[in-house]
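Colleague: Dumping the structure here so I can ask a few things about it.
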Ligand code: CP
């Protein structure tokens, strides 16, 4: 039985196969419409979500399966003190696979150790968000035609942004990726990523504060939200929240073929006027998230060849 805790749980070759499968699902959705008939996905969300939970549910429904679950800790027996380990033992009796989001780092791993079914980490605290990374890799490969040989800028909350941490770890396995890390001093990338991931693997990276300085050099811009829920006090959040706002005027500095990504939700960091720019790809990214989660469910259920 296989789980997904971290994007590095898949080798580069396995990831290639997963992304190929997602592309085939995109091209031929009818082939996959009933392959999971009789299978059930449980979504166990102890933290709010729109995209991740609903795209998992859409993915399983698109495969002909069913879904069950809860969307807040308050509506589950966690509110009565039930542990994650006990909950997953129970859910293993009801479902064939589960996706779990939890505010505590490592909670999905604890679940996986006690689970009778595959567990997918759907985001754990400020740690990892591997299915967002799969979404990002599929989006980049589909829109740029390659993974590697580009300069990518990560902008915003690089300290708490788990999507950023996961994607950097995934991208260092591809050739010739240059990282521009754009953040205010207080929200710089953690040492664990700068030293243990980027420096240790001799990656080409640079930290800058001004988005304007980075924009002309980028093939891809990955914007992120300053996350109110990760701050210890409101004052710091208010000071940081509008540090970066990508608008039409700033985009004049960027290349005509730069791709703008964002895991969403967005607050103010991308002006709504940018949505009509052909470089804005963040809503396409949402659609790729459904295809890649369909491919992931099939892979973890050992059904990746079912429609061939
Ligand atoms: N990108 C992402 O994780 O969005 P949600 O928090 O809405 O799931």
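The values are calculated or read from the model by the stated rules, or taken from the named source; none is laboratory data. Quantities reported herein were computed from a predicted structural model and do not represent experimental measurements. For neighbour counting, all protein chains shown are included, and Cβ atoms are generated from backbone atoms with ideal geometry for every residue, glycine included.
Colleague: How about region 138-166: which of its residues are part of a helix (DSSP H, G or I) and under 13 Å from the mean Cα position of the chain (by Cα)?
Modeller: Listed by number, the residues that qualify are 138, 139, 140, 162, 163, 164, 165, 166.
Colleague: For region 55-79, give me each residue that is away from the ligand (no atom under 14 Å from the Cβ) and assigned to a loop (DSSP other than H, G, I, E, B).
Modeller: 63, 64, 65, 76
Colleague: Which one of these is part of a helix (DSSP H, G or I) and over 30 Å from residue 144 (Cβ atoms): 85, 42? Can you show your working first?
Modeller: Working: 42 fails: part of a helix (DSSP H, G or I).
The unique qualifying residue is 85.
Colleague: Please find, among 95, 99, the residue that is within 19 Å of residue 65 (Cα to Cα), in contact with a strand residue (DSSP E or B) (Cβ under 8 Å, 6 or more places away or on another chain), modelled with pLDDT of 95 or more and within 16 Å of the ligand (Cβ to nearest atom).
Modeller: Residue meeting the stated conditions: 99.
Colleague: Starting from residues that are away from the ligand (no atom under 16 Å from the Cβ) and part of a helix (DSSP H, G or I), keep the ones in region 108-131 and report whichever is surrounded by the most Cβ atoms within 10 Å (Cβ to Cβ). Outline the logic, then answer.
Modeller: Step one: filter region 108-131 for residues away from the ligand (no atom under 16 Å from the Cβ), giving 109-119.
So of that shortlist, the ones also part of a helix (DSSP H, G or I) come out as 109-114.
Numbers: 109: 19, 110: 18, 111: 27, 112: 21, 113: 11, 114: 15.
Checked region 108-131; the qualifying residue surrounded by the most Cβ atoms within 10 Å (Cβ to Cβ) is 111.
Colleague: So residue 135 fits all but one of (1) within 14 Å of the ligand (Cβ to nearest atom); (2) not in a helix (DSSP H, G or I); what number is the exception?
Modeller: The number of the failed condition is (2).
Colleague: Any residue at all in region 244-265 that's part of a helix (DSSP H, G or I) and under 23 Å from the mean Cα position of the chain (by Cα)? Step through it out loud before you land on a result.
Modeller: Within region 244-265, the first condition is being part of a helix (DSSP H, G or I), and the residues that meet it are 248-251.
Subsequent filtering for residues that are under 23 Å from the mean Cα position of the chain (by Cα) retains none.
No, there is no match, as no residue in region 244-265 is part of a helix (DSSP H, G or I) and under 23 Å from the mean Cα position of the chain (by Cα).
Colleague: For region 266-275, name all the residues that are within 16 Å of the ligand (Cβ to nearest atom) and not in a loop (DSSP other than H, G, I, E, B).
Modeller: Correct list: 270 only.
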